[in-house]
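Supplied in structure tokens, the structure appears directly below.
The values are calculated or read from the model by the stated rules, or taken from the named source; none is laboratory data. These numbers were taken from a predicted model, which means no experiment stands behind them. Virtual Cβ from ideal backbone geometry, glycine too; neighbours counted across all protein chains shown.
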Amino acid sequence: YFVNKVIEKNNFIIDDPETYRHVAKVLRHKKGDVIYLVDETETLFEATIEKIDADERQISTNVSKSTFPSTELPVAVTIACSLSKKDKIEWITQKSTELGAKTIIFFDSKYSIMNWKSNVIEKKVARLQEIAKNAAQQSKRRIIPKVVYVNKLKDLVNYKAETNLIAYEESAKQGEISLLAQTLNQEPKSLLCAFGPEGGFSPDEVDYLNQADFLSVGLGPRIMRAETAPMYFLSVISYKYEL
Ligand code: SAM
């Protein structure tokens, strides 16, 4: 569970209503059970439940400092995906959280099959943010990835990382996967990769991003669905830096 206070003493009280409900009501934990808490310093603590106070809706725990290795990727990865149907973007949010993304951006592009009206954006982002939180808990992540919406592909430049890529199947046809390998060999501290919709990026979108210093890279000879390509990318990064 992500707790928004730094744990200073051995006894830590969980008073956040949602976490209380999950621990006491959904999972029906009891005194003596062990749960895991992550604080703002991204440290994971093992905590033994001392008392569940149903009146105060509080849980007292006894925490021991963690020596668990971090579960965060050594490079801060942003994946930027074209808007798609609700179930697909929810899937992308959940799976890319499991695979270690730090920021998940959805953007509107020329061939996006969905558009969000301005009055629904806040609610939709909040729902995706909740999915990211749940997935982060289940994966024992140290941070909850941030979900962002940008309504113009051009605004992606505001989120640029040290190295910026665009997954472009035309580059894949030209055998440019080695460009991705070369880029990863440079061990950037942060990396952003943009993925197009089912219909792909339009050539002028690719030109725009190329001019903004986004390097077009192929992800192998097979064309993947829009939701598969970011998972391939995150898996390659994990293989490169973690295995
Ligand atoms: N319009 C394309 C076509 O029919 O050939 C397919 C687009 S693909 C379904 C959706 C997105 O996934 C692309 O815009 C790209 O970002 C990414 N993608 C899928 N396979 C890829 C590959 N082999 N190399 C690079 N990017 C890929």
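Would you be able to tell me the number of residues in region 30-64 that are surrounded by fewer than 18 Cβ atoms within 10 Å (Cβ to Cβ), among the β-branched types (V, I, T) and in contact (Cβ under 8 Å) with a residue 24 or more places away in the chain?
The total comes to 2.
Looking only at residues that are of a type in the set (S, T, N, Q) and in a helix (DSSP H, G or I) in region 139-197, which one is nearest to the ligand (Cβ to nearest atom)? Let's see the steps before the verdict.
Initial filter on region 139-197 (of a type in the set (S, T, N, Q)): 139, 151, 158, 163-164, 171, 174, 178, 182-183, 185-186, 190.
After this cut, where a residue has to be in a helix (DSSP H, G or I) as well, the list is 158, 171, 178, 182-183, 185.
Working: N158: 20, S171: 6, S178: 13, Q182: 15, T183: 13, N185: 19 Å.
Taking the candidates together, the pick is S171.
Since D204 meets every condition but one in (1) within 16 Å of the ligand (Cβ to nearest atom); (2) at positive phi, which condition does it not meet?
Of everything listed in (1) within 16 Å of the ligand (Cβ to nearest atom); (2) at positive phi, D204 misses just condition (2).
For region 215-243, give me each residue that is surrounded by 15 or more Cβ atoms within 10 Å (Cβ to Cβ), in contact (Cβ under 8 Å) with a residue 40 or more places away in the chain and more than 15 Å from the chain's Cα centre (by Cα).
Passing the criteria: L215, S216, V217, G218, L219, A226, V236, K240.
So T71 fits all but one of (1) assigned to a helix (DSSP H, G or I); (2) more than 16 Å from the ligand (Cβ to nearest atom); what number is the exception?
(1)
Take the residues of region 74-114 that are charged (D, E, K, R) and assigned to a helix (DSSP H, G or I): which is nearest to T41 (Cα to Cα)? Quick ask: steps written out before the conclusion?
Of all residues in region 74-114, those charged (D, E, K, R) come to 85-88, 90, 95, 98, 102, 108, 110.
Next cut, assigned to a helix (DSSP H, G or I) only: 86-88, 90, 95, 98.
On the way: K86: 33, D87: 32, K88: 32, E90: 27, K95: 24, E98: 20 Å.
Looking at residues that are charged (D, E, K, R) and assigned to a helix (DSSP H, G or I), I get E98.
Would it be correct to say that T67 is polar (S, T, N, Q), surrounded by fewer than 23 Cβ atoms within 10 Å (Cβ to Cβ), at pLDDT below 95 and out of contact with any Cys (no Cβ under 7 Å at 6 or more places or on another chain)?
When the stated conditions are applied, T67 passes them.
For region 90-99, give me the residue count where each residue is surrounded by 24 or more Cβ atoms within 10 Å (Cβ to Cβ) and among the aliphatic types (A, V, I, L, M).
1
While we're on this one: Quick check: anything in region 108-127 under 26 Å from V23 (Cβ atoms) and modelled with pLDDT of 95 or more?
Looking through region 108-127, at least one residue is under 26 Å from V23 (Cβ atoms) and modelled with pLDDT of 95 or more.
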